[in-house]
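The values are calculated or read from the model by the stated rules, or taken from the named source; none is laboratory data. Keep in mind it's a predicted model, so treat the numbers as computed, not measured. Here the Cβ positions follow ideal geometry from the backbone for every residue, glycine too, while neighbour counts run over all protein chains shown. Please note that ligands, DNA and RNA were not included when accessible areas were found on the heavy atoms of the full protein model with its side chains. Shrake-Rupley method; radii C 1.70, N 1.55, O 1.52, S 1.80 Å.
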Amino acid sequence: MSQRYEPIIKGFPQMLHGGDYNPDQWLDRLDVIDQDFRLAKLSGVNTWSVGIFSWAALEPEEGRFEFGWLDRIMDRMAADGMKAVLATPSGAKPNWMATKYPEIRRVQPMGNREHQAGRHNHCFTSPVYREKVTIMNTRLAERYRGHAALGVWHLSNEYSGDCHCDLCKRTFRAWLKAKYGTLDRLNKSWWTAFWAHTYTDWDQVDWIDGCVHGLVLDWQRFVSDQTVDFIRCESAPLRRLTPDVPITTNLMGTFLGLDYRRLAAELDVVSWDNYPAYHDRADMPATGAFISFVHDLNRGLKGGRPFMMMESSPSAVNWMPLNKLLRPGIHRLKSLQAVAHGSDSVQYFQWRKGRGSTEKFHGAVVDHVGHEHTRVFGDVAEVGRSLGKLGDVVGTTVPAEVAIIYDWENRWLLNAVQGPPKQHGVCQLHEDWVQRHYRAFWKQGVPVDVVASTDDLSRYKLVVAPMLYMLQPGVADRLTAFVRIGGTLVGSFLTGIADENDLVFEGGWPGPLRPVFGVWAEEIDYLYADETNHMVMTPGADELGAEYGVSAACDLIHAEGARVLATYGADFYAGRPALTVNAFGKGQAYYMAAFADQEFLDDFHGAEIARLGIRRVLEAELPDGVTAQVRTDGKTDYVFVMNFSSQARVVDIGPGCQDVVEGRAVGPRLDVSGYGVVVVQRPCRG
Ligand code: GLA
Ligand code: ZN
């Protein structure tokens, strides 16, 4: 049931290859700009993201606009057949504006207004800033409407953060009033009788009190909604004047501060900035699997539509504790990995290194030396050559039969509540648990969709809900219905604990999912970092090993109709159930009571993949550190065989394959070099 989407830029069916370009840092250096156009051709770059931080160049003083420099860039890009990802410049406010209108500067939680510095720090409610944004975006859209180079609108940059000014607080209170209607409802939803926190006037909601979890959640929801409201303000003139030009904004992967699903609903295409620490270490495959997960997450934000990798570094970055060079091959691997998971672009931060300020040592296509004879430029040109051969992949998508649930609200709540272990305020256990499940599928070359608990799940064979602590309204019913019609659900400890206000379900965990799992989780034991337990398989669970290690969290459950597949091996709860399965309707629901080792998840999901007939991209077992991912239009499969280990590997790809980049028949045994990636096509397997 695959399909092919239209290219992101209408009439431009190429993989987009480019990056952030700041000609406004070089306006007195036309020789440099000439070089940039020459080098773009040499590197196979067909797009630049321009104007991202250009407010001071576009409006040097209030009401005086200077578009001449941008006209010249846009015209030359059009002449060279390039497309612009044209930004609105709100990511950094100019000094004149921040000085004249102090109210556009953010206020910190303690009430102090920020100085003008840095970027990404405007008050998202400020009417003045919104007015300035409206004027600027209108001017940009009027000027470049119909311009041959205009490809995509890039709203602002990496929206993030919040503001605690009086206006934002008042707006939050109005948001709460609209949501709850009465203070009585608010107090009940937030359980404010605790520690005398009852609110008797809306104005008392003044401080984001961390002990009231409903308040913490609502503030985070408000911040997302207010950012969406700001996005609507930014988009309005663009939508009015250039309705055919798609709008995106660059997201930041698993960034916690905003519910990206709310943002994605405002965008035509999702894009994200990808900065993995791919550094030739033993854990490269783990990082590889994690980045694959984030790509899948981004693809899922718009239901499987191709997305853009808006930024990545062609070399080192400048902000990690240690900024390591990418080893040979890794740049191409990282770039094609994005495409493998549904990106129709490979873009960089940054095209050219500036001479001053904080990003002058950040990796770039063009280094300070200024010419093309560098290792990094060669790597980029190589990616340009590969992307040039992948035009047929544009618009194809990923056919997944497995879904993993990953909700921002659930993450916010797990971080807010006290009880589960945390590191630096983050419930890392949840993030790790999600990754362990994901990695089991990645190792076996099984495509996965990363979805919201509120998404339609009916098309999947297997749904994994790792630590789904919060059940939003309707989710328990939907999961139950999924199993009833024949789906397989995998839940775990800390699933089904509380509702959308963090009010714990009465009547025992996993709350409304108790019938579908057929278990009651009575208590949960957390283990110190140096403690482990194990689970012992009961006879009959034959595809699995005899024993597996568990750590971190152990639920003490009672099987209430579920079949016990494993029991704990040690501690006072030895012999009690650690893994169960419940036949329910036409399907079944597994409950993993403990934080199990990777080895267990590999075996468990491997057995489920076989039992449920879930397609692997390649039939044969994959060597260590290798994954295979697929994009398809329903006729042709494009299989990306990616080696995240430094050692060469031989992969069995079966018969009938063609190397897309090299244009020759390959297989059934395929040699993949260390950090190598080979893209092969084959007829779709239907
Ligand atoms: C972010 C920003 C860019 C740049 C890069 C550096 O992704 O969007 O402007 O600062 O980081 O890695
Ligand atoms: Zn504010």
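Descriptive notes on the structure:
- Among residues of the range 91-105, those that are assigned to a helix (DSSP H, G or I) and under 24 Å from THR249 (Cα atoms), counted: 5
- Scope the range 223-264; condition free of Cβ contacts under 8 Å to residues at least 12 places away in the same chain and either part of a loop (DSSP other than H, G, I, E, B) or assigned by TED's automatic domain parsing to the domain that holds ALA452 (or both); matching residues: PRO243
- Residue that is farthest from ligand 1 (Cβ to nearest atom) [pool: residues in the range 177-190 that are over 22 Å from CYS123 (Cα atoms) and of a type in the set (A, V, I, L, M)]: LEU183
- Across the range 116-127, the qualifying residues are those that are surrounded by 19 or more Cβ atoms within 10 Å (Cβ to Cβ), away from ligand 1 (no atom under 16 Å from the Cβ) and not polar (S, T, N, Q), and the one among them that is farthest from the chain's Cα centre (by Cα) is CYS123.
- Test: residue in the range 74-90 that is in a loop (DSSP other than H, G, I, E, B), free of Cβ contacts under 8 Å to residues at least 60 places away in the same chain, over 25 Å from CYS168 (Cα atoms) and away from ligand 1 (no atom under 16 Å from the Cβ): yes
- Residue identified as of a type outside the set (D, E, K, R), away from ligand 1 (no atom under 16 Å from the Cβ) and over 21 Å from ALA498 (Cβ atoms) among ALA193, ALA174: ALA174
- Just one of the listed residues (ALA570, ALA610, ALA583, ALA574) is in contact with a His (Cβ under 7 Å, 6 or more places away or on another chain) and open to solvent by 10 Å² or more (accessible area, probe 1.4 Å), namely ALA570.
- Sole residue being touching an Asp or Glu at 6+ places or on another chain (Cβ under 8 Å), among the small types (Gly, Ala, Ser) and either within 16 Å of ligand 1 (Cβ to nearest atom) or open to solvent by less than 20 Å² (accessible area, probe 1.4 Å) (or both), chosen from GLY300, GLY257, GLY288: GLY257
- Taking the listed residues TYR548, TYR573, TYR591, the one that is in contact with a Ser or Thr (Cβ under 6 Å, 6 or more places away or on another chain), farther than 30 Å from LYS188 by Cα and not hydrophobic (A, V, I, L, M, F, W, C) is TYR591, with no other qualifying.
- Only one of the numbered conditions (1) buried (at least 20 other Cβ atoms within 10 Å of the Cβ); (2) without any contact (Cβ under 8 Å) to a residue 24 or more places away in the chain; (3) not hydrophobic (A, V, I, L, M, F, W, C) is violated by SER49, and that is (2).
- The condition (being within 13 Å of ligand 2 (Cβ to nearest atom) and open to solvent by 50 Å² or more (accessible area, probe 1.4 Å)) is satisfied by just one residue among ARG113, ARG130: ARG113.
- Among the residues making up the range 91-110, those that are within 16 Å of ligand 1 (Cβ to nearest atom) and either open to solvent by 10 Å² or more (accessible area, probe 1.4 Å) or more than 20 Å from ILE73 (Cβ to Cβ) (or both) are ALA92, LYS93.
- Each residue in the range 78-90 was checked for being farther than 21 Å from SER156 by Cβ and either crowded, with 22+ Cβ neighbours inside 10 Å or among the aliphatic types (A, V, I, L, M) (or both), and 3 pass.
- The range 396-450, residues that are in a helix (DSSP H, G or I), within 28 Å of PRO623 (Cβ to Cβ) and polar (S, T, N, Q): GLN435
- Failed item, numbered, when VAL398 is tested on (1) of a type in the set (A, V, I, L, M, F, W, C); (2) within 14 Å of ligand 1 (Cβ to nearest atom); (3) surrounded by fewer than 23 Cβ atoms within 10 Å (Cβ to Cβ): (2)
- For the range 468-479, a residue qualifies if it is touching a residue at least 60 places away in the same chain (Cβ under 8 Å) and surrounded by fewer than 24 Cβ atoms within 10 Å (Cβ to Cβ), and exactly one does: GLN472.
- Scanning the range 52-69 for residues that are free of Cβ contacts under 8 Å to residues at least 60 places away in the same chain and either touching an Asp or Glu at 6+ places or on another chain (Cβ under 8 Å) or on the phi < 0 side of the Ramachandran plot (or both) returns SER54, ALA56, ALA57, PRO60, GLU61, GLU62, ARG64, GLU66, GLY68, TRP69.
- Within the range 356-367, being open to solvent by 40 Å² or more (accessible area, probe 1.4 Å) and either within 16 Å of ligand 2 (Cβ to nearest atom) or touching a helix residue (DSSP H, G or I) at 6+ places or on another chain (Cβ under 8 Å) (or both) holds for one residue alone: ASP367.
- Residue check for GLY354: more than 20 Å from MET320 (Cα to Cα) and over 26 Å from the mean Cα position of the chain (by Cα): no
- Total residues in the range 655-685 satisfying the condition of being part of a loop (DSSP other than H, G, I, E, B) and either free of Cβ contacts under 8 Å to residues at least 60 places away in the same chain or acidic (Asp, Glu) (or both): the figure is 5.
- The range 302-320 residues that are touching a residue at least 60 places away in the same chain (Cβ under 8 Å) and more than 20 Å from ASP456 (Cα to Cα), paired with ones that are outside any loop (DSSP other than H, G, I, E, B) and near ligand 1 (Cβ under 9 Å from one of its atoms) (beta carbon under 6 Å, 6 or more apart): MET310/ASN250; MET310/ASP273; GLU311/ASP273
- Just one residue in the set ASP24, ASP75, ASP28, ASP20 is under 20 Å from HIS147 (Cα atoms), surrounded by fewer than 15 Cβ atoms within 10 Å (Cβ to Cβ) and assigned by TED's automatic domain parsing to the domain that holds HIS373; that residue is ASP75.
- Residue in the range 158-165 that is modelled with pLDDT of 95 or more, within 16 Å of ligand 1 (Cβ to nearest atom), closer than 30 Å to PRO246 by Cβ and of a type outside the set (Ser, Thr, Tyr) present: yes
- Every pair of residues 6+ apart whose Cβ atoms lie under 9 Å, when the first sits in the range 157-185 and is outside the structural domain of GLY111 (by TED's automatic domain parsing) and over 16 Å from ILE104 (Cβ atoms) while the second is among the hydroxyl-bearing types (Ser, Thr, Tyr) and within 8 Å of ligand 2 (Cβ to nearest atom): ARG170/THR125
- Residue list for the range 325-337, filter: away from ligand 1 (no atom under 14 Å from the Cβ) and either in a loop (DSSP other than H, G, I, E, B) or open to solvent by 10 Å² or more (accessible area, probe 1.4 Å) (or both): LEU325, ARG327, PRO328, GLY329, ARG332
- Positions within the range 76-110 being more than 16 Å from ligand 2 (Cβ to nearest atom) and among the hydroxyl-bearing types (Ser, Thr, Tyr), in sequence order: THR88, THR99
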